[in-house]
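A.B. asks: Sharing a structure here in structure tokens format.
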Amino acid sequence: MRTMEQESGSGRVVLCAEGVWKSYDDGAVTVLKGVDMEVSAGQTVALCGPSGCGKSTLLHLFGGLDEADRGRIVVNGAEVNRHGDLLRLLRREVGFVFQLHNLIPDLTLEENCLIPTVAAGTPRAMARARLGELAERTGLSHRLGHRIQKLSGGERQRTALCRALMNRPRILLADEPTGSLDEQTSEVVLELLLDLAAGEGVTLLMATHDRGLAARCDRMVEMHDGRIHEPAYA
Ligand SMILES: Nc1ncnc2c1ncn2[C@@H]1O[C@H](COP(=O)(O)OP(=O)(O)O)[C@@H](O)[C@H]1O
Ligand SMILES: [Mg+2]
């Protein structure tokens with residue numbers, strides 16, 4: 001039973017994992033071994049840990065891209081499971097930024113960003129206006145008609161940020177969003193990510209193995225031995 005306080009305002013839990021287990025290869029590799037974590041509305045949280053510890057696995061579960069073996073994943077108060085309706089809802093409420101942008105190289109920046117709005121049934125004029133706004137904030141207004149393959153790594157990740165925010169999600173999951181970029185470009189993209197999240201009141205969960213980047217978030221949690229540990233100093 002949720003309290004009034006949890007239902008409204010910034011203390012509300014928008015991402016919750018309870019006793020989540022996940023293995024691959026028919027149980028040969030167990031990655032998540034009883035993950036418990038909660039993220040409140042408006043927080044920016046860094047999910048840290050070395051490569052291979054299970055950060056992407058957990059983000060995929062939160063984004064409805066994969067399913068837990070055991071335990072509960074709750075997003076905005078609704079449990080994520082096989083039900084199609086919920087997955088449709090998730091696609092609107094949750095934006096995803098991947099390490100390697102996952103844009104379609106042959107399409108233009110604009111075409112890539114409009115795809116999620118077509119899926120969501122947003123009128124085209126409204127979608128274009130939204131893209132105009134996001135492109136301006138990310139310094140990409142002059143690149144709208146460029147094919148992705150002509151863009152730099154930083155521009156691609158900025159495009160991926162725009163695409164993830166097109167449907168005005170309340171939650172943004174970012175999986176090593178600067179992992180493919182050099183240090184200077186990483187800094188620019190992270191800055192934009194945090195600015196956009198703050199500006200739009202979006203809750204951000206970002207996987208990273210870079211502690212410098214992690215320290216810029218409100219909160220840092222560590223994945224270790226398939227579980228989440230919250231450093232006392234965070
Ligand atoms: N689809 C998959 N099939 C089999 N093993 C996988 C799959 N996805 C991830 N793994 C394994 O699970 C572990 C955790 O992976 P991942 O969640 O990608 O870690 P991280 O994002 O922290 O680097 C790794 O050992 C990886 O090889
Ligand atoms: Mg990963």
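Any read-out appearing in this document is the output of simple, stated calculations on the displayed coordinates, not a laboratory observation. Predicted, not measured: the structure shown is a model, and the values here were computed from it. Positions of Cβ are backbone-derived with ideal geometry, glycine not excepted, and every protein chain shown enters the neighbour counts.
A.B. asks: If you rank Arg163, Arg124 by fewest surrounding Cβ atoms within 10 Å, what's the result?
C.D. replies: The fewest-first ordering by Cβ neighbours comes to Arg124, Arg163.
A.B. asks: Just want to confirm a number: the relative contact order over region 13-229, from Cα pairs under 8 angstrom separated by 6+ residues, in percent.
C.D. replies: In percent, rounded to a whole number, it is 31.
A.B. asks: Answer with one residue from Leu151, Met37, Gly212: the one whose Cα lies farthest towards the positive end of the charge dipole of region 13-229, charges on Cβ with Lys, Arg +1 and Asp, Glu -1.
C.D. replies: Leu151
A.B. asks: Tabulate in residue order the Karplus-calculated ³J(HN,Hα) for region 21-33, using 6.51 cos²θ - 1.76 cosθ + 1.60 with θ = phi - 60°, rounded to whole Hz; enter x for Gly and Pro.
C.D. replies: Values per residue, Gly and Pro as x: 10, 8, 10, 10, 6, 6, x, 5, 10, 9, 9, 9, 10 Hz.
A.B. asks: GNM, the chain, Cα, under 10 Å: largest mean-square fluctuation among Leu213, Leu65, Leu161?
C.D. replies: Leu65
A.B. asks: Can you list the residues, at least 5 places off or on another chain, whose amide H is less than 5 Å from the amide H of Gly95, using H built in the peptide plane?
C.D. replies: Close amide H contacts, sequence-distant or interchain: Ile171, Leu172, Leu173.
A.B. asks: With only alpha-carbon atoms counted, please give the Rg and Dmax of region 13-229, in Å.
C.D. replies: 16.8, 49
A.B. asks: Let me ask something else. Using only the alpha-carbon atoms of region 85-183 as identical scatterers, what base-10 log of I(q)/I(0) does the Debye formula give at q = 0.19 Å⁻¹?
C.D. replies: Here the Debye-derived log intensity ratios amount to -0.88.
A.B. asks: In terms of modelled amide H atoms, which long-range or inter-chain residues lie less than 5 Å from the amide H of His224?
C.D. replies: His229
A.B. asks: Putting +1 on Lys and Arg Cβ atoms and -1 on Asp and Glu Cβ atoms, find which of Pro123, Thr178, Asn81 reaches farthest to the positive end of the dipole of region 68-195.
C.D. replies: So the residue furthest toward the plus end is Pro123.
A.B. asks: Now for a different question. Evaluate the charge dipole of the chain about its Cα centre and quote only its size in Debye, nearest 20, assuming +1 on the Cβ of each Lys and Arg and -1 on the Cβ of each Asp and Glu.
C.D. replies: 680
A.B. asks: Within a 10 angstrom radius of the beta carbon, how do Asp218, Asp106 rank from fewest other beta carbons to most?
C.D. replies: If I rank by nearby Cβ atoms, fewest first, I get Asp106, Asp218.
A.B. asks: Continuing with this model, one more query. Name the residue farthest towards the positive end of the dipole of the chain from the options Cys113, His101, Ala160, assuming +1 on Cβ of Lys and Arg, -1 on Cβ of Asp and Glu, about the Cα centre.
C.D. replies: Toward the positive end, the furthest listed residue is Cys113.
A.B. asks: So for each of 32-39, 93-100, 170-177, 148-155 I average, over its residues, the number of other beta carbons within 10 Å; can you give me the resulting order with the highest mean first?
C.D. replies: Ranked from most to least packed, the peptides come out as 170-177, 93-100, 32-39, 148-155.
A.B. asks: Hey, what do the phi angles of region 63-68 turn into as Karplus ³J(HN,Hα) couplings, whole Hz, using 6.51/-1.76/1.60 and θ = phi - 60°, x for Gly and Pro?
C.D. replies: x, x, 8, 8, 10, 6
A.B. asks: Enumerate the calculated ³J(HN,Hα) couplings along region 103-117 in order (Karplus 6.51 cos²θ - 1.76 cosθ + 1.60, θ = phi - 60°), each rounded to whole Hz, writing x wherever the residue is Gly or Pro.
C.D. replies: 3J(HN,Hα) across region 103-117, in whole Hz: 8, 8, x, 7, 8, 7, 3, 4, 4, 4, 6, 7, 3, x, 6.
A.B. asks: Kirkwood Rh, region 174-234, all Cα pairs: how many Å?
C.D. replies: 12.5
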